[in-house]
Ligand SMILES: [Zn+2]
Ligand SMILES: [Zn+2]
């Protein structure tokens, strides 16, 4: 999944050599930093990932376990993944322990003997126990980051040590922003095909409108021709008859 890659600028203007401002103020006074590799001014919170070799919007970190960057578009999926992984290892540790206790109680044995009799459960319990600390630690850490509205990159580099975090709101709003983000279309995709459809539809509407206006014009022409014919016919039949007679006959 695209984490929010900001496409490179391969235009001639961007590739021209020369001095450029490292920071550029965009509309609203927001400062964009220049990326020498992508040849673009990237928005705040984005960073160039050296592994993916791309600028990523709201860069969190590059995850070697899933082999992808974590950014604005996939951070919610990463949060769900890390918390569900924690629940899995927790269940992997607790459920075998419950099984040992029940088995020991049923057969009147102690816990060590129960573990020896349930080899598979013992293995699951050990794996669960080993995973508890690293996965649990990550889960708690990312829950904390969501609550204070910080990315891993910002937290590790102490970006908000001297200045106040401008993105931080109250805890509920911060979590809502992370867990229900606005759907964003990948910038790597081609322009929306809907535009073509709209163009076709609008072209169809104009064509039909043109057709209708042509029909109306033709009908008007026919009307006037008929009127003229009737008038001339009326004139021919009775020269003194008023024009209203001709109109009424139409
Ligand atoms: Zn870049
Ligand atoms: Zn990356």
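Values quoted throughout were computed directly from the atomic coordinates according to the rules given, and no laboratory measurement underlies them. A quick note: this is a predicted structure, and the numbers were derived from the prediction, not measured. As a convention, Cβ positions derive from the backbone with ideal geometry for all residues, glycine included, and neighbour counts pool all protein chains shown.
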For peptides 172-179, 148-155, 64-71, sequence by mean Cβ density within 10 Å, most packed first: 148-155, 64-71, 172-179
Sorted by Cβ density within 10 Å, fewest first, the residues 190, 115, 147, 26: 190, 26, 147, 115
Order of 61, 107 under a 10 Å beta carbon neighbour criterion, fewest first: 107, 61
Cα convex hull of the range 18-127 - mean projected area over all directions, nm²: 10.3 nm²
Residue order, fewest to most beta carbons within 10 Å, for 42, 184: 184, 42
Residue 157-residue 94 pseudo-label distance in nm [points 7 Å out on the Cα-to-Cβ vector]: 3.8 nm
